[in-house]
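Here the structure comes first, spelled out in structure tokens, and everything after it is commentary.
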There are 2 protein chains.
Amino acid sequence: MTKNSALETGEAIQAKPLVEIDPAKCVACGQCVSVCPPHSIIRQEGKTPPKFADNGWCLRCGHCVSVCPTGALSHIEMAPENIRAIDPAWTPEMIEMFLRSKRSVRHFSDKPVARETLEKLLEVAAQAPSDANQQDRSFMVLTDRALIDGYEAAVIKHFRDTHDQLLASGVDPMFWKLLYIRPLLAKYDAGEHPIFRGAPSVVCAYARKDNNFGWYNCAIAMDYLMLMAHSMGVESCIVGFSFNPSEIGHKFLGLSDKYQLHSVVALGYPKYRFRRTVQRRPADVIWRS
Amino acid sequence: MTKNSALETGEAIQAKPLVEIDPAKCVACGQCVSVCPPHSIIRQEGKTPPKFADNGWCLRCGHCVSVCPTGALSHIEMAPENIRAIDPAWTPEMIEMFLRSKRSVRHFSDKPVARETLEKLLEVAAQAPSDANQQDRSFMVLTDRALIDGYEAAVIKHFRDTHDQLLASGVDPMFWKLLYIRPLLAKYDAGEHPIFRGAPSVVCAYARKDNNFGWYNCAIAMDYLMLMAHSMGVESCIVGFSFNPSEIGHKFLGLSDKYQLHSVVALGYPKYRFRRTVQRRPADVIWRS
């Protein structure tokens, strides 16, 4: 569980020039100078290529490498084979259909998700934005049936205890928690898997507890993971019960106190095929213009 | 600011059959029975179509309408013209390139984002998953320059106060907050817009404060919004400073105490074009199989 907090360790502040500029290719357009978030690329006199500031620090965001019209920039931590030309083959209509067609899937086939597929999903999840590009979000992947069942049992125990405590204290049984919890417990007792829905794999995301943006980093990375999965025919469902409250999952997964669990997703091949987009309520919007 | 909490109001528990089944089209395959999360569609004897349970309740998720192979189901709250056949025109490679190519944009052109474009983004944001499909996330859209500048001034004031307090209390200036805050204040004082980056529009998302999943609903909906924007050439940046901590924005936007602000995004047409994907660190993963 190594973490990479450049800002935390002070590693972010360093004099090592991480960005290299090929003077033969540079046309001194200044776009890299403009986009660098910490202003570490400095314009030089006349048509001379810019330079990486002696005391500059680097977010490793790669904006400079991405924006350069002539490919004159490289980043010493990024292999050239991982820098690819952006080829926008999508249309807005296609993306809208893609986003609308992703449904929360709760019925999975027995087919396991291959390790290389999961690796691809995690690779793409790691491309999601994060605060100051610190990429503070870690993943735990469960593909063992007994382990997933054990997690489910721990969640069920928590809700059974909550149910019993609420009842004992005389809470109105229409209270939504009871409304939800009762069918959950009944299904579990009947041998079903109402938490992870029999999914063959579960991905958990957590971040440093002292990072007040960790929840956001995890939620977006998991969204990228689920969207990439959807594109590959692997479907998913955010399992709110398993990490909200986070203590049950945290304890079951054996996370250290340094971390907080923020998202858990069940993943697998869908048992049923969804054929149509459906309708949501219109967004609740206040316009201030 | 009307909210739609079906579970909160008890409206979710109702006898009105929201789902209609056309017996002439139904082939009694039972897929709608299987996918209905609250098990409100009930199988009948033999080849008879299933029926919506007399005491059934409905998440309005539309799974039944989406899954039906013959189009026999309709939902009284969903107009048929909003139910569209899913046409998966994407490939995993295209979606991966799409996700990798979205960058956090901090330089916007002066071109405003048209109202109909923003409406489309919000329409797609409203399709993102939410807890129990309650869709508890509301939006405020700012397109007024003075209003955005006022929000920026409020954020800057907060950080200037924080900076001064930290300094006065003798905090090490290498502390990351100071590291970030100083350049921010210096840029602002030099006439720049280091918070909203001169973006012509800002979208804020908030949820009921008593919803312990509101943060997640907002983060994903905003991710859908940003991805849809990216597909249309409108770029974005999550403005962490403006809602983390949430009090400054909450107060400036005039939200009631019922709500909590969870996400704020700057939106506009990009000034510079990003041409290449870049490399992130590999995902930090623990495999348990």
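The values are calculated or read from the model by the stated rules, or taken from the named source; none is laboratory data. Being a predicted model, the structure only gives us computed values, none of them experimental. For neighbour counting, all protein chains shown are included, and Cβ atoms are generated from backbone atoms with ideal geometry for every residue, glycine included. Protein only, heavy atoms only, side chains kept; ligands, DNA and RNA dropped before computing areas. Shrake-Rupley method; radii C 1.70, N 1.55, O 1.52, S 1.80 Å.
The set of residues in the stretch B:134-155 that are within 8 Å of another protein chain (Cβ to nearest Cβ) and part of a helix (DSSP H, G or I) contains only B:L147.
Of all residues in the stretch A:62-95, those satisfying the criterion of being open to solvent by less than 20 Å² (accessible area, probe 1.4 Å) and within 10 Å of chain B (Cβ to nearest Cβ) are A:G62, A:H63, A:C64, A:V65, A:S66, A:V67, A:C68, A:L73, A:H75, A:M78, A:I95. Within the stretch A:39-49, can one find any residue that is buried (at least 22 other Cβ atoms within 10 Å of the Cβ), more than 10 Å from chain B (Cβ to nearest Cβ) and in contact with a helix residue (DSSP H, G or I) (Cβ under 8 Å, 6 or more places away or on another chain)? Yes, some residue in the stretch A:39-49 is buried (at least 22 other Cβ atoms within 10 Å of the Cβ), more than 10 Å from chain B (Cβ to nearest Cβ) and in contact with a helix residue (DSSP H, G or I) (Cβ under 8 Å, 6 or more places away or on another chain). Among the residues of the stretch A:200-207, is there at least one that is part of a loop (DSSP other than H, G, I, E, B), open to solvent by less than 50 Å² (accessible area, probe 1.4 Å) and modelled with pLDDT of 95 or more? Yes, some residue in the stretch A:200-207 is part of a loop (DSSP other than H, G, I, E, B), open to solvent by less than 50 Å² (accessible area, probe 1.4 Å) and modelled with pLDDT of 95 or more.
If the requirement is being open to solvent by 10 Å² or more (accessible area, probe 1.4 Å) and outside any helix (DSSP H, G or I), which of these qualifies: B:H193, B:H250, B:H230?
Matching residue, one of B:H193, B:H250, B:H230: B:H193.
Rundown of residues vs (1) over 18 Å from the mean Cα position of the chain (by Cα); (2) hydrophobic (A, V, I, L, M, F, W, C), yes/no style:
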residue	(1), (2)
A:C61	no, yes
A:G71	yes, no
A:P88	yes, no
A:L99	no, yes
A:D110	yes, no
A:L121	no, yes
A:R137	no, no
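From the residues in the stretch B:17-58 that are assigned to a helix (DSSP H, G or I) and among the polar types (S, T, N, Q), which one is farthest from A:K187 (Cα to Cα)? Selected residue: B:Q31. Every condition in (1) touching a residue at least 24 places away in the same chain (Cβ under 8 Å); (2) under 23 Å from B:F196 (Cα atoms); (3) of a type in the set (D, E, K, R) holds for B:R273 except the one numbered (1).
Output yes when any residue across the stretch B:159-171 is under 22 Å from B:S104 (Cβ atoms) and within 27 Å of the chain's Cα centre (by Cα), and no when none is. So far as the stretch B:159-171 goes, yes, one or more of its residues are under 22 Å from B:S104 (Cβ atoms) and within 27 Å of the chain's Cα centre (by Cα). The one condition from (1) in contact with a Leu (Cβ under 7 Å, 6 or more places away or on another chain); (2) under 21 Å from B:I86 (Cα atoms) that A:M232 does not meet is (1).
Any chance the stretch B:234-242 includes a residue that's modelled with pLDDT of 95 or more, surrounded by fewer than 20 Cβ atoms within 10 Å (Cβ to Cβ) and within 24 Å of A:F98 (Cβ to Cβ)? The answer is no, given that none of the residues of the stretch B:234-242 is modelled with pLDDT of 95 or more, surrounded by fewer than 20 Cβ atoms within 10 Å (Cβ to Cβ) and within 24 Å of A:F98 (Cβ to Cβ). Residues that are within 8 Å of chain A (Cβ to nearest Cβ) and modelled with pLDDT of 95 or more within the stretch B:243-270 comprise just one, B:S263.
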